1. When only C-alpha pairs under 8 Å and at least 6 residues apart count, what is the relative contact order of segment 25-69, in percent?
2. Report the full-extension gain for the segment residue 161 to residue 139: residue separation times 0.36 nm, less the Cα-Cα distance, to one decimal in nm.
3. Sort 154, 176 so that the residue with the fewest other Cβ atoms within 10 Å of its own Cβ comes first and the one with the most comes last.
4. Hey, what's the Cα Rg ratio for segment 142-200 versus the globular rule of thumb, 2.2 N^0.38 Å?
5. Among 55, 122, what is the fewest-to-most ranking by other Cβ atoms within 10 Å?
6. Decide, for segment 25-69, between rounded, prolate and oblate: order the square roots of the alpha carbon gyration tensor eigenvalues as a ≥ b ≥ c, take rounded if a/c falls under 1.5, and otherwise choose prolate if a/b is larger than b/c, else oblate.
7. Quickly work out the residue 44-to-residue 82 label distance, labels modelled 7 Å from Cα along the C-beta direction, and quote it in nm with one decimal.
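Values in this text are rule-based calculations from the coordinates and carry no lab data. Just so it is clear, the structure is predicted and the values come from calculations on it, not from any experiment. Here Cβ is always computed from backbone atoms with ideal geometry, including for glycine, and neighbour counts include all displayed protein chains.
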């Protein structure tokens, strides 16, 4: 054997298993009887989320090959887990019963405002509430709002204003008032429909 050969220099012999285990502060493998370093984390299982075993490469492979998060769960428990998975296992509640909102409501009410207590050093909310109380905006639904727009009226229009505008527009667009011209008949139909909608909701 030529000990000066370049091929001989490339031969490397790995350390034996006994030599591989050196004294170190690194954690040991959690597998019983194993003295290797535990370099690899493995989850401890359902109910112990966020906790891990530390294994060497050999034992983490063996653990992962047999790991089953759902072991021991029956069909009913699996169905319940799948249902909770839809919301990411987070708590839910009905609108308006959030614990944070409940705490805010219990802290007190703004005098005369009926809202949860807030720090309002510049009286922004108080002045707005006073303005709304002095000039209350009528509550108008979407259908009624569109009907008023068709008559070129705003939401403050009362019954008399609606009737007056309706008569005015009918006279303007009716074929009899335009020498039998029916080119504006579509607009007239929209006006008639809008007026009927306002009557239905009780605004006329």
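1. Computed over segment 25-69, the figure is 34 percent.
2. Additional length available on full extension: 6.2 nm.
3. Result, fewest neighbours first: 176, 154.
4. Here the Cα radius of gyration is 1.12 times the empirical estimate.
5. 122, 55
6. Because a/c hits 1.5 or more and a/b fails to exceed b/c, segment 25-69 counts as oblate.
7. Taking the two extended label points, one gets 3.0 nm.
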